[in-house]
Amino acid sequence: MSSQKKRDQLILHTALTAGRIMIENGSEIERVEDTMTRIAHNAGAQTSQLFVMITGILMAINGEVGAQIEPVKRRTFDLEKIAVVNDLSRQYADHKIDLRQFADRLDHLDSVSRYFPFWLQMVAAAMVSGPLEVVFRHNLPDFWITCLVGMLGWWVYYVLNKFIQIRFLSEFTAAAAIGVMAVVFVHMGLGNSVDDIIIGSVMPLVPGVPITNSVRDILAGNLVSGPARGVEALVSAAAIGFGIAMVLQFL
Amino acid sequence: MSVLEFIIEVAGTYVATLAFGILINIPRRALNVGGWIGVLGYVLYRFTVLWGGGYVIGNLLGAVAIGVASLQAAKLKKMPMILFNIPAIVPLVPGGQAYQMIKNFALGNNSTALVFLLQVVMISGAIAFGFLLSELVNRIQRRFWRHRKRL
């Protein structure tokens, strides 16, 4: 293999990995296209042809034979990885790292995930539920119980997500669990209003990333990926809704 | 609305936005700014509703403010814009209305449920349209800066 070909291969690998990491972790399509074009341009490719979709990426450089495909299979929310790819791309543009280092760091980034510790996520879920219950419903006495129910609901979601890996099912189950807990706690006299507790506690499960990205993708003219994200958000919302509705039916 | 209530709402919005940022793993240096952008959007929404502007206009203005402020933050911190606007819209999400809709559908009160469904659709549409308007502002600003640089 000639050195030129090797170099082209490396450019394609770097750009495709960067793009895949960004889509997997919840970036909008326009940013992915922008970053990949920049990488190819900064690496010295004259032209680059891109086809970015929410389920896969196609890329060719210099108009040569041999475009490459990178499927996107997982889909999670980890916005830190997007920020890191962004930083690396900037460093590469400023010639602080070379292409080889860029590719290595991307592969490293792909294999590790640096989430906040689990206890902090639980606290965060509590701190989304309780304050929003007060903001929406002005019901101060139910603050603590909403924190508790929201935290337990997030725990159910997190654990199920680890085992079954279908986000919609975890959301459904977590919402149902939140409904049951709210009813039971109010029965035990620990809370006043089932409605307020449920409204606050499901807030950590709100699909904020797909909603925002869907709007931004449609505006940018990605008429396939935008509505696809919208469907993702809609199914999530429906899963949560059915979970709650199922509990309320048995009331 | 008394001053104490207002302070509680602002504090609650700030904490909730920041905590939602932790759940979707936003880098630590973006958390604080994201929280304040959430407060800005919510306060604008709250005052519009208080002064009789209606909840649709309120959500629209809130979403526009969030979109514009996120772009400024993104430029300042050299980070992607979605790190700031995703947690910031969480306080605007029509959770209460969506819940009432589900509840009334589940209990068979379809006509009440349809009223809430309409509200949810209107609010979501207002937020989406607000983002559209903020994108307009952002693009004009970008054009303006590019123009200035060339001169």
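Here are some notes:
- Considering only residues in the stretch A:17-43 that are more than 14 Å from chain B (Cβ to nearest Cβ) and under 16 Å from residue A:101 (Cα atoms), the one that is surrounded by the most Cβ atoms within 10 Å (Cβ to Cβ) turns out to be A:39.
- For the stretch B:66-98, filtered to residues that are more than 19 Å from residue A:214 (Cα to Cα) and aliphatic (A, V, I, L, M), the residue that is surrounded by the fewest Cβ atoms within 10 Å (Cβ to Cβ) is B:76.
- Restricting attention to the stretch A:227-251, the residues being assigned to a helix (DSSP H, G or I) and within 11 Å of chain B (Cβ to nearest Cβ) number 15.
- Between A:136, A:143, the distinction of being touching a residue at least 40 places away in the same chain (Cβ under 8 Å), surrounded by fewer than 23 Cβ atoms within 10 Å (Cβ to Cβ) and in contact with a helix residue (DSSP H, G or I) (Cβ under 7 Å, 6 or more places away or on another chain) belongs to A:136 only.
- Listing of helices (runs of 4 or more DSSP H) fully contained in the stretch B:31-126 that carry 1 or more residues being touching an Asp or Glu at 6+ places or on another chain (Cβ under 7 Å) and under 28 Å from residue A:244 (Cα atoms): B:95-107
- Answer residue from the stretch A:213-226, given it is within 10 Å of chain B (Cβ to nearest Cβ) and touching a residue at least 24 places away in the same chain (Cβ under 8 Å) and is surrounded by the most Cβ atoms within 10 Å (Cβ to Cβ) among those: A:213
- Residue that is nearest to residue A:29 (Cα to Cα), among those in the stretch A:211-226 that are outside any helix (DSSP H, G or I) and not aliphatic (A, V, I, L, M): A:222
- The conditions of being within 16 Å of residue A:157 (Cβ to Cβ) and modelled with pLDDT under 90 are not met by residue A:221.
- Test: residue in the stretch A:188-210 that is on the phi < 0 side of the Ramachandran plot, of a type in the set (Asp, Glu), at the interface with chain B (Cβ under 7 Å from one of its Cβ atoms) and assigned to a helix (DSSP H, G or I): yes
- Search result, residues across the stretch A:86-125 that are under 20 Å from the mean Cα position of the chain (by Cα), surrounded by 13 or more Cβ atoms within 10 Å (Cβ to Cβ) and facing another protein chain (nearest Cβ under 9 Å): A:86, A:87, A:115, A:116, A:120, A:121, A:123, A:124, A:125
The values are calculated or read from the model by the stated rules, or taken from the named source; none is laboratory data. Remember, it's a predicted structure, so these values are computed and weren't measured experimentally. Please note: Cβ atoms are built from the backbone with ideal geometry, for glycine as well, and neighbour counts cover all protein chains shown.
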